[in-house]
Amino acid sequence: MARPQRSLRLRLTVAYTGLFLASGALLLAVAYGLVAHDLASSKTPSTADPQLLANCKTSFGSSKTGGTIPDAKLQQQCKALFDAGANKQRVSTLHNLLVTSLAALAGMAVVSAVLGWLVAGRALRPLQAVTEAARRASHTNLDERVAFRGPPGELKELADTFDEMLDRLDAAFASQRRFVANASHELRTPLTIMRTAIDVTLAKPARTTGQLEEMAAEVRAAIDRAESLIEALLTLARSDRGLGLREPVDLATAAEDALDAAAGAIRESGLEVQAVFEPAPTSGDPVLLERLAANLVDNAVRHNVSPGWIRVTTGQRNGEAFLDVSSTGPVIPEDVAGLLFEPFRRLDPTPGGNGLGLGLAIVQSVATAHEGTVSAHSRATGGLDVSVVLPCLDAAGEV
């Protein structure tokens with residue numbers, strides 16, 4: 001795992017050095033061109049310094065035969081001599097400038113490579129921390145964090161995002177472990193009830209028909225509870241898996257059907273029903289959305305008080321379809337209301353004493369699968385307000 005990082009560090013170092021060499025070479029070329037232009041345009045001593053020209057005439061004014069060289073020819077010879085000397089000086093100056101600049105550029109390239117290696121290592125240090133944290137992390141050890149303390153920037157954002165991902169994974173695995181443990185316990189409960197009822201009845205030496213019928217009733221009730229639990233778990237798994245079917249669905253129709261199905265329990269509890277059904281068109285799995293509405297109504301009926309009431313409202317709000325279910329009931333702390341969407345979360349911890357604890361969990365899972373949201377707020381006088389918001393289906397049949 002460390003090898004790719006060293007390769008990236010090397011590539012960054014080469015890139016830094018290459019950029020420095022390119023910019024240095026460009027700067028050297030510009031400087032060399034400017035110096036060469038200045039030297040080429042400068043005047044030679046033959047025209048710029050009369051004193052040097054006079055000295056030249058004094059030194060070379062006589063010919064080998066003892067005669068005097070004419071001034072025009074002498075001036076021409078002196079000028080050629082001065083031009084040759086100046087040109088030689090320019091060539092020497094440019095050569096020295098080029099050699100010195102190339103040597104300095106080579107030395108600075110080495111320095112830039114060393115500094116680039118150090119800077120790249122420092123810049124990639126958070127990536128190494130992320131890699132090490134990812135290597136240490138597993139489904140049984142998700143408490144590792146990068147906890148990068150560097151200055152704000154892309155690398156710190158990456159490290160913080162990785163830490164947030166580990167937080168979500170840790171919470172998801174913890175929730176899954178709780179769900180498995182609670183599901184195992186809930187499934188064992190009806191089996192234990194059936195086994196106990198059968199063992200106690202069979203242990204009696206003279207079993208009567210009434211005792212056998214009582215045992216059968218207990219076993220039947222335990223079977224019904226186990227069946228309801230399995231059905232709820234399958235619904236939860238189905239909604240968590242995502243949608244495989246999308247059809248136009250009106251939440252108003254689903255809510256009305258849910259109230260009709262719960263009419264018997266509502267009458268037995270003596271609850272008052274307030275219903276306002278405005279069209280709330282959306283798109284999704286009809287079975288799951290009907291189960292969502294049924295769970296909300298069943299939850300409002302099951303956890304109510306007598307005398308009490310239930311209010312079911314559907315419609316469109318802010319361009320979205322909504323289903324609101326409010327009810328009276330026991331006083332629920334506000335910080336507990338949001339936790340009721342967790343699987344097997346019940347106000348009454350007694351097994352079987354307050355439903356399965358999956359009703360609102362299924363509601364949240366179905367709403368999430370339909371790209372919607374669900375929220376719950378406790379009422380000051382007791383009870384709960386639950387609101388489901390889903391994307392609205394327009395007249396053209398599009399969400």
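Assuming charge only on the beta carbon of Lys and Arg (+1) and of Asp and Glu (-1), the dipole of the stretch 154-238 about its Cα centre is about 660 debye to the nearest 20.
Could you order the peptides 332-343, 210-221 from most to least packed, using the average number of other C-beta atoms within 10 Å per residue? Could the numbers behind the result be given before it?
Numbers: 332-343: 15.3, 210-221: 13.6.
The packing order, highest mean first, is 332-343, 210-221.
Each peptide in 267-275, 108-116 receives the mean, over its residues, of other Cβ atoms within 10 Å, and ordering these scores from highest gives 108-116, 267-275. Computed from backbone phi, the HN-Hα couplings of the stretch 89-105 come to 5, 5, 4, 5, 5, 5, 5, 4, 4, 5, 5, 5, 5, 5, 5, 5, 5 Hz, rounded to whole numbers (Karplus: 6.51 cos²θ - 1.76 cosθ + 1.60, θ = phi - 60°; Gly and Pro given as x). Note on the stretch 154-238: dipole from Cβ charges, positive end direction compared against LEU169, LEU158, SER228; the farthest Cα belongs to SER228. With K and R counted +1 and D and E -1, the other residues having a Cβ less than 10 Å from that of VAL276 yield a net charge of -1.
Between amide H atoms placed 1.01 Å from N, distances below 5 Å from GLY284 occur with GLU247, VAL249, all of them 5 or more places distant or on a separate chain. Fewest neighbouring Cβ atoms within 10 Å first, the residues HIS370, HIS95 line up as HIS95, HIS370. The ranking of VAL30, VAL386 by Cβ neighbour count inside 10 Å, starting from the fewest, reads VAL30, VAL386.
Throughout, read-outs are computed from the coordinates displayed, never taken from laboratory work. Fair warning: this is a prediction, and the values are worked out from it, not measured in the lab. Every residue, glycine as well, gets a Cβ built from its backbone with ideal geometry; the counts of neighbours run over all protein chains shown.
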